[in-house]
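First comes the structure, then the notes that go with it.
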Amino acid sequence: MFNGSRKIFMGVLAVALPLTSVAFLTSPAGAATKPPPFTGAATGSVTCTAPVIKISFSPPLTFTTGGTTITAKGKLGGCTTSAGSNVNISKAKITGTFGGAGTGCDGLATGITTNVNFTIQWKGKTKAGGKATLTNSTVVLSGAAPSTNGAGDVGFQLPNPADAPGGSVVGSFPAAPLTTVSKVYSAMTETALGAKCAKKVPNLKVVSGSIVLP
């Protein structure tokens with residue numbers, strides 16, 4: 001009797017152990033499920049409050065000449081997306097080109113009415129923490145107006161409020177027409193910039209303000 005029962009028990013155990021091993025391998029206790037990845041355009045809106053952008057003028061600005069071509073290149077940090085967005089943004093790169101009035105510092109002081117074109121490359125994750133490969137934002141703004149912050153530093157308001165509609169965004173954070181306003185500033189007062197304009201201004205560095213899309 002004992003030997004027979006033992007054989008039956010060992011047979012059941014031999015069948016049960018492989019099944020248990022398979023269950024253990026396929027469904028480990030406490031295993032975390034990765035959030036699904038996302039590829040495409042970010043939705044909602046984004047505000048970046050830590051811009052660092054170098055704006056270069058060709059030829060260099062004096063009071064009345066220079067700045068026929070203006071280029072911009074830099075990074076955006078401090079980015080926060082709206083509750084309805086599908087992503088969180090960690091950082092971004094921004095590049096841009098636009099034609100100035102060709103009238104130097106005096107032209108910047110009166111504002112730019114030609115289109116300002118930017119491309120923004122975004123990096124971030126989905127709201128659930130998954131990998132995100134995001135479409136660039138192609139931004140067209142209707143000019144730029146001069147602006148000054150509370151410290152007296154000179155900068156730009158984008159788009160120029162004298163031009164309507166304000167512009168458009170294609171790709172991530174899309175909008176047409178664009179209705180939000182971005183303001184960015186240098187660390188230079190009008191007096192300091194004027195002293196440089198009396199010589200030459202090859203570039204101006206943006207160090208504060210906010211970029212808002214869409």
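Let me spell it out: the conditions are (1) surrounded by fewer than 22 Cβ atoms within 10 Å (Cβ to Cβ); (2) closer than 16 Å to Phe118 by Cβ; (3) in contact (Cβ under 8 Å) with a residue 40 or more places away in the chain, and Val170 meets all of them except one. Which number is the exception?
Unmet condition: (3).
Check Leu76, Leu61, Leu134 and return the single one that is farther than 26 Å from Ala187 by Cβ and either touching a residue at least 60 places away in the same chain (Cβ under 8 Å) or touching a helix residue (DSSP H, G or I) at 6+ places or on another chain (Cβ under 6 Å) (or both).
Going through Leu76, Leu61, Leu134 in turn, just one is farther than 26 Å from Ala187 by Cβ and either touching a residue at least 60 places away in the same chain (Cβ under 8 Å) or touching a helix residue (DSSP H, G or I) at 6+ places or on another chain (Cβ under 6 Å) (or both): Leu134.
Looking at Ile120 and the list (1) in contact with a strand residue (DSSP E or B) (Cβ under 9 Å, 6 or more places away or on another chain); (2) within 14 Å of Ser172 (Cα to Cα); (3) assigned to a loop (DSSP other than H, G, I, E, B), which single condition is not satisfied?
Single failed check for Ile120: (3).
If a residue must be of a type in the set (Val, Ile, Thr), surrounded by fewer than 16 Cβ atoms within 10 Å (Cβ to Cβ) and modelled with pLDDT of 95 or more, how many such residues does segment 44-78 contain?
Our first condition is that a residue be of a type in the set (Val, Ile, Thr); within segment 44-78, this holds for 46-47, 49, 52-53, 55, 62, 64-65, 68-71.
Then drop every residue that is not surrounded by fewer than 16 Cβ atoms within 10 Å (Cβ to Cβ), which leaves 49, 52, 64, 68-69, 71.
Restricting the remaining residues to those that are modelled with pLDDT of 95 or more gives 49, 52, 71.
So the answer is 3.
State whether one or more residues within segment 92-114 are modelled with pLDDT of 95 or more and either over 18 Å from Asn203 (Cβ atoms) or among the acidic types (Asp, Glu) (or both).
Yes: segment 92-114 contains one or more residues that are modelled with pLDDT of 95 or more and either over 18 Å from Asn203 (Cβ atoms) or among the acidic types (Asp, Glu) (or both).
Name the single residue that is modelled with the highest pLDDT among those in segment 119-144 being more than 11 Å from the chain's Cα centre (by Cα) and closer than 30 Å to Ala192 by Cβ.
Val139
Residues Gly155, Gly107: which one is in a helix (DSSP H, G or I) and crowded, with 19+ Cβ neighbours inside 10 Å?
Among Gly155, Gly107, only Gly107 is in a helix (DSSP H, G or I) and crowded, with 19+ Cβ neighbours inside 10 Å.
Is it the case, given these coordinates, that Pro51 is part of a strand (DSSP E or B) and either of a type in the set (Phe, Trp, Tyr) or in contact (Cβ under 8 Å) with a residue 60 or more places away in the chain (or both)?
Against the criterion (part of a strand (DSSP E or B) and either of a type in the set (Phe, Trp, Tyr) or in contact (Cβ under 8 Å) with a residue 60 or more places away in the chain (or both)), Pro51 qualifies.
Which of (1) assigned to a helix (DSSP H, G or I); (2) closer than 15 Å to Thr71 by Cα is the odd one out, the single condition Ala101 does not satisfy?
(1)
The values are calculated or read from the model by the stated rules, or taken from the named source; none is laboratory data. Predicted model only: the values in this text are computed from it and were never measured. All Cβ positions, glycine included, derive from the backbone under ideal geometry; neighbour counts span all protein chains shown.
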